[in-house]
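**Student:** Sending over a structure as structure tokens; questions will come in a sec.
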Amino acid sequence: GKRQYDRDFLLGFQFMPACV
Amino acid sequence: QKVVSPESYIKHPLQNKWALWFFKNDKSKTWQANLRLISKFDTVEDFWALYNHIQLSSNLMSGCDYSLFKDGIEPMWEDEQNRRGGRWLITLSKQQRKADLDRFWLETLLCLVGEAFDDHSDDVCGAVINIRAKGDKIAIWTTDYENKEAITHIGRVYKERLGVPPKVIIGYQSHADTATKSGSTTKNKFV
């Protein structure tokens, strides 16, 4: 299937510390 | 020893790789020379790293565009994936630049990278925001103006995601009609 992400899931990552 | 869950160190991959383009209107240059690729990304984390780093659309100068397209598709009518395509067009009033523009554009981006249109997301080529003194525009571009099922599904979901009231009509126009129009308006293929 498709890799779908809903808006709240995506918004939850906006200010996460960056992965290195 | 502590076991760290992969959730905490693996970025979340997107279905597609996306390219963000910027257009700045310099009349001394050709249209194509004014179009620049900013960056590409294919994870949720890299999308935000880019989005948080660049100017909000409402801060851009008049004549500028952002375009977000699937990797391999150029943000122009002439691209093979766009030639027979069209766009769902959202036209904004001058007052909406402050109230809605940045919110609408972010919602558009989230629809694209999150594949909000289910199987019909395959028909999506990208999205464009035009910053213009006479009124800003946002559009989702799809690949086939004859694919009624995909276009209407995308239009319904998009309108709902933007929170556009049901009584407000949005139109879908083919790029061929937009390119050959004589007046300022293009006829709608779908509403």
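**Student:** Can you tell me how many residues within region B:33-63 are away from every other protein chain (no Cβ under 14 Å) and out of contact with any strand residue (DSSP E or B) (no Cβ under 6 Å at 6 or more places or on another chain)?
**Tutor:** To start, the set of residues in region B:33-63 that are away from every other protein chain (no Cβ under 14 Å) comprises B:33-40, B:55, B:57-63.
Those still in the list that are out of contact with any strand residue (DSSP E or B) (no Cβ under 6 Å at 6 or more places or on another chain) too: B:33, B:55, B:58-63.
The number of residues fulfilling the criteria is 8.
**Student:** Which of the numbered conditions does residue B:97 fail, given that it passes all the others? Conditions: (1) assigned to a helix (DSSP H, G or I); (2) under 12 Å from the mean Cα position of the chain (by Cα); (3) of a type in the set (Lys, Arg).
**Tutor:** The number of the failed condition is (2).
**Student:** Kindly evaluate residue B:41 against the criterion of being among the aromatic types (Phe, Trp, Tyr), in contact with a Leu (Cβ under 7 Å, 6 or more places away or on another chain), crowded, with 17+ Cβ neighbours inside 10 Å and not in a loop (DSSP other than H, G, I, E, B).
**Tutor:** Working: among the aromatic types (Phe, Trp, Tyr): yes; in contact with a Leu (Cβ under 7 Å, 6 or more places away or on another chain): yes; crowded, with 17+ Cβ neighbours inside 10 Å: yes; not in a loop (DSSP other than H, G, I, E, B): yes.
When the stated conditions are applied, residue B:41 passes them.
**Student:** Which condition number in (1) among the polar types (S, T, N, Q); (2) at pLDDT 95 or above; (3) not in a helix (DSSP H, G or I) is the one that residue B:185 fails?
**Tutor:** Here residue B:185 meets the rest and fails (2).
**Student:** From the list B:82, B:25, which residue is surrounded by 12 or more Cβ atoms within 10 Å (Cβ to Cβ), over 23 Å from residue B:102 (Cα atoms) and either away from chain A (no Cβ under 14 Å) or under 17 Å from the mean Cα position of the chain (by Cα) (or both)?
**Tutor:** Working: B:25 fails: over 23 Å from residue B:102 (Cα atoms).
One residue alone meets the criteria, B:82.
**Student:** Another question, if that's okay. When residue B:151 is evaluated against the numbered criteria (1) farther than 22 Å from residue B:57 by Cα; (2) within 14 Å of another protein chain (Cβ to nearest Cβ); (3) buried (at least 20 other Cβ atoms within 10 Å of the Cβ), which criterion, by number, is the only one it fails?
**Tutor:** Only one criterion is unmet by residue B:151, namely (2).
**Student:** With B:139, B:99 as the choices, which residue is out of contact with any helix residue (DSSP H, G or I) (no Cβ under 7 Å at 6 or more places or on another chain) and at pLDDT below 95?
**Tutor:** Values: B:139 fails: at pLDDT below 95.
Just a single option satisfies the conditions, and that option is B:99.
The values are calculated or read from the model by the stated rules, or taken from the named source; none is laboratory data. This is a predicted model, so every value here is computed, not measured. When we count neighbours, we look across all protein chains shown, and the Cβ atoms used for this are built from the backbone with ideal geometry, even at glycine.
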